[in-house]
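Before any comments, here is the structure.
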Amino acid sequence: MTLLIIIIALALIFDYINGFHDAANSIATVVSTKVLTPFQAVLWAALFNSIAYWIFKDHAVANSISKTVYKDFITLPVIFSGLLAAIFWNLLTWWYGIPSSSSHTLIGGFAGAAIAHALMIKGFDFPWSKIVDSDTIMKTVLFIFLAPIIGIVISIFITVVTIMRNVWLRLLIIAVVTFGTVLIFDNFEESKMNDNVQKFYGIDKYKKEVGNLKEELSKKANDTILLSKLALNEEKLIKATETYHHIKPYVDNFDNLSADKIAKTAQDSGWLKNAAISKLKDAVRNANDFLVLEAKAPENKEAKEEYKIASEKTEGYKAPLKLYLEGSINLDSALVLVNAIYPIQEKNIDKVKGKITKFNIEKTFSDEIDKADNSIIVYGIIGASILFMMIYLYVEKIKTPTAHSVAYMFKKLQLFSSAAFSIGHGGNDAQKVMGIIGAALIASGSIQDFSQLPSWVPVACYLAIGLGTMSGGWKIVKTMGSRITKVTPLEGVAAETAGAFTLFFTGQMGIPVSTTHTITGSIIGVGATKRLSAVRWGVTTNLLWAWVLTIPVSGVLAAITFYIVHYFTK
């Protein structure tokens, strides 16, 4: 428990450092264009970093981070070592004014420590693909290059549209692009809701189990135990898939219904019955320290044996809990039967009672659907587009445009674009630390999976990054705000809007991208719009090297740190 508390404290310290390290990303342009003073800018950015808490419901980025490493190799020393390495690299690059990625530092550190741990216990011939989630790592590496490219393209597009002389054509383009963006985000919402429902029914888990069993059977074709397990999991997969297809039409019609209505329909139709029994079983055994036992199992022989026994016996909890949910027996009778199957520790009896009495499958299902609702983001995009269009109309059609009025307009618009980018920064980067804390809570046995993340975690993470942003990062401001290219208010609006859209877009996809890379690409884009020579490509090349090296360097540092930690704690 002591190490878990230390890890949570370190994670929040990292989040704070991330705030002042990456504060420059969200305030560099607004400071360099003198729209806000440095002090005003950090307060402005910190405010909107924190507002992100109420906008990002799904925490998809945090979920991706927590799954970077496979559960078998996530231990508290691994997370501790990864965090130490990430903090060291972040402070080093901040000291030298290098806008490296805090996100990639964290991912590199986490993966590097896990690989060191896995190779130590499994040997150096153990495949890395079984240690880290290659899909998450590949997406992250790919977006080292894609995020700035997306930023460049969008910022060029925004700049070109903004300087068009025909204001009516400009408004038409904004309206069409906004409509297209809403359709894209609506597709994200529908896809994520369906993914959440499938996970709720364990379809992903059953598919993975079936795949693993088939792989084992390819080596032991006539193993009757494996064949029995395969048949059981295939049956569970078929039933879960059938139930999902019953619910899917209602989920696809979410805009006309609501999460509560869909959950009530599912409950009334009996589609939550089997899931309720399974999830209540998980809640009861987890309240009886099952997760703590699971966390100890990989490195403790006695715990491993007891965990195997508990895993098999606690499946029997389903029978009495089913009777309780149907109203056939009362709570005391259910507890007697549960205790006879696998004993509940005396200290956990009240906790188990609380889990049973407070259990509400309808609300649980409703919450899973509602997590994917991105209507706040969509309304924000529509509102921002309408605001821009109205300002353009007022300045250029209602009021006689002058150089001064146009410049003043873009200075005011930059307040909104920098706020949008700060929301994206807060939503994206605070979630990464949430992912690490979630992984630590899972490794310690405090929670079973990321969906059970306590509500204090996001609050603490958003608060920490907001406080960090208030501390500022002036060395990086200089690099971002003037050394790459000189930025005007118009170009600041274009760069920040492009950066914000990229962060919202990748956040919906659950891809952990770097805010540093994103805004750098956007600034390069507005500079290149004037002329290619307006961008200081020498500075940009140096930044690129820092980006490429961040993950491997952080990984190596974390691996070394892990071996040192292991040596002194064994």
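The values are calculated or read from the model by the stated rules, or taken from the named source; none is laboratory data. Owing to the predicted nature of the structure, the values given are computational and were not obtained by experimental measurement. Every residue, glycine among them, receives a Cβ derived from its backbone with ideal geometry; neighbour counts consider all protein chains shown.
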Requested in this report: Keeping to segment 265-321, report how many residues are of a type in the set (Gly, Ala, Ser), buried (at least 18 other Cβ atoms within 10 Å of the Cβ), more than 16 Å from residue 334 (Cβ to Cβ) and at pLDDT 85 or above.
Outcome: 3
Requested in this report: Go through segment 47-102 and give me each residue that's of a type in the set (A, V, I, L, M), closer than 21 Å to residue 136 by Cα and at pLDDT below 75.
Outcome: 60, 61, 62, 65
**Report entry** Unique residue being surrounded by 21 or more Cβ atoms within 10 Å (Cβ to Cβ), closer than 26 Å to residue 65 by Cβ and modelled with pLDDT of 80 or more when the list is 493, 433, 459
**Finding:** 433
Query - Pairs, first surrounded by fewer than 14 Cβ atoms within 10 Å (Cβ to Cβ) in segment 132-148, second part of a helix (DSSP H, G or I), C-beta under 9 Å, six or more apart - result: 134/128
**Report entry** Check on residue 217, at pLDDT below 85 and either surrounded by 14 or more Cβ atoms within 10 Å (Cβ to Cβ) or of a type in the set (Val, Ile, Thr) (or both)
**Finding:** yes
Report summary line: Reported set for segment 161-177 where residues are exposed (fewer than 15 other Cβ atoms within 10 Å of the Cβ) and not hydrophobic (A, V, I, L, M, F, W, C) is 165, 166
Query - Matching residues in segment 550-566 - criterion: being crowded, with 19+ Cβ neighbours inside 10 Å and not hydrophobic (A, V, I, L, M, F, W, C) - result: 550, 554, 555, 561
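Out of all the residues in segment 391-398, is one or more closer than 28 Å to residue 42 by Cβ and part of a helix (DSSP H, G or I)?
Within segment 391-398, one or more residues are closer than 28 Å to residue 42 by Cβ and part of a helix (DSSP H, G or I).
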Query raised in the report: Which ones in segment 313-367 are under 37 Å from the mean Cα position of the chain (by Cα) and of a type in the set (S, T, N, Q)?
Result: 314, 345, 348, 357, 360, 364, 366
Query raised in the report: Where in segment 168-280 are the helices (runs of 4 or more DSSP H), entirely inside, with at least 3 residues that are of a type in the set (Ser, Thr, Tyr)?
Result: 224-252
Query - Count of segment 413-430 residues which are modelled with pLDDT under 80 and closer than 18 Å to residue 381 by Cα - result: 4
Query raised in the report: In this structure, is residue 409 assigned by TED's automatic domain parsing to the domain that holds residue 9, out of contact with any strand residue (DSSP E or B) (no Cβ under 7 Å at 6 or more places or on another chain) and closer than 20 Å to residue 452 by Cα?
Result: no
Requested in this report: Among the numbered conditions (1) buried (at least 18 other Cβ atoms within 10 Å of the Cβ); (2) in contact (Cβ under 8 Å) with a residue 60 or more places away in the chain, tell me where residue 233 comes up short.
Outcome: (2)
Report task. Please tell me if residue 372 is surrounded by 14 or more Cβ atoms within 10 Å (Cβ to Cβ) and not in a helix (DSSP H, G or I). Result -> yes
Requested in this report: Might you let me know whether segment 292-299 holds any residue that is within 28 Å of the chain's Cα centre (by Cα) and not in a helix (DSSP H, G or I)?
Outcome: no
Requested in this report: Give the residue that is farthest from residue 91 (Cα to Cα), with candidates limited to residues of segment 462-490 that are at pLDDT 50 or above and of a type in the set (Val, Ile, Thr).
Outcome: 488
Query raised in the report: Name the residues in segment 550-570 that are of a type in the set (Phe, Trp, Tyr) and either touching a residue at least 40 places away in the same chain (Cβ under 8 Å) or part of a loop (DSSP other than H, G, I, E, B) (or both), would you?
Result: 562, 563
Query - The lone exception for residue 445 - which of (1) touching an Asp or Glu at 6+ places or on another chain (Cβ under 7 Å); (2) under 23 Å from residue 496 (Cβ atoms); (3) of a type outside the set (A, V, I, L, M) it fails - result: (2)
Query raised in the report: Of these, 383, 354, which one is part of a helix (DSSP H, G or I), touching a residue at least 60 places away in the same chain (Cβ under 8 Å) and surrounded by fewer than 17 Cβ atoms within 10 Å (Cβ to Cβ)?
Result: 354
